[in-house]
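Since every read-out is calculated from the coordinates, none of them should be taken as a lab result. Just so it is clear, the structure is predicted and the values come from calculations on it, not from any experiment. In this analysis, Cβ positions are derived from the backbone assuming ideal geometry, glycine residues included, and neighbour counts consider all displayed protein chains.
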Amino acid sequence: MAGAAATVTQAGLGNEPVYVFGTDLGGQHQGESAAMAAKVFGAETGKASGATGHAYAIPFRNSAGELLPAEVIKNYVDSFFAHAQAHPQTLFHVARFACEAQAHDDATLARLFARAPANCLLPGLWTARLNAQQAARLLVFDAGAHLKDAAWQRNLKGYLDLNAPLWNVKAIELVTVGSARTVVANDVAAKALGLKHRVFGQNESAYGREAALVAEHKAIWYCTHLLSILDFEQTAQPQQVRMLGAAARNGLAIDQLSSTQAG
């Protein structure tokens, strides 16, 4: 059933960016981004480098799972650049990879991708290292849609006033993924605080039943920080648990805001 679902999804990807991910020289496609590439974008196992399906593989570990040196990864990155330059009308979504625990850091991978062609979209944590003027991209998870209320907006403003200097940024962009009520509440808060607001919606025509997961994945990939709005009268939502785990694995700075925190 999973294979059939993936086939349907690939057939509808059309204008969606090609998914660029990290793997090993055995093409086993283990790890979060590689699993996404195989499940959703049709990356073929056994293919360690290059294009298959609607994906492009870049190895960063050898067949035994050992980390490759940055200068070796660079050779594969340069081959990808040549591929991207040869397809200027195609967008390439480069997943964050090779930056997990006991691997390289984001600064190292950002330097490897610093010369990426203009049709390559890079993770927010990498672009932040390449562009000191980039706004902090704050993914706000507010399942209860609290931020439509003025009191919660004051709390959020107090949080941002306190943290923006610590983040060393000149601007903050709110980012939302999730239900329509959450989008509306976050938009109300963004307008009240004079902040740019970006929404990652679900593309069901392209991704089918994986649309929600892909939207969350893209939002986390785009962001640099995640703020979870807490309501102690409500139990944690499955989406909240899933997104917090994914954000932590993807290197985002994670914080929480509750009604007990003064604005």
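Tally the DSSP beta bridges in the chain and give the antiparallel ones as a percent, rounded to 5. Counting only bridges with both partners in the chain, antiparallel ones make up about 10 percent.
Please compute the length gained on full extension between residue 212 and residue 171, using 0.36 nm multiplied by the number of residues separating them and subtracting their Cα-Cα distance.
Going from the current span to full extension adds 12.0 nm.
As a proxy for reagent exposure, 196, 47 were ordered by neighbouring Cβ count within 10 angstrom, fewest first; the result is 196, 47.
Ignoring everything except DSSP H segments at least 4 long, calculate the 222 nm mean residue ellipticity for the chain; use -39,500 (n - 2.57) per segment, divide by total residues, nearest 500. Don't jump to the answer; show the numbers that get you there.
Numbers: 10 runs with 110 residues, N = 263.
It comes out at -12500 deg cm²/dmol, rounded to the nearest 500.
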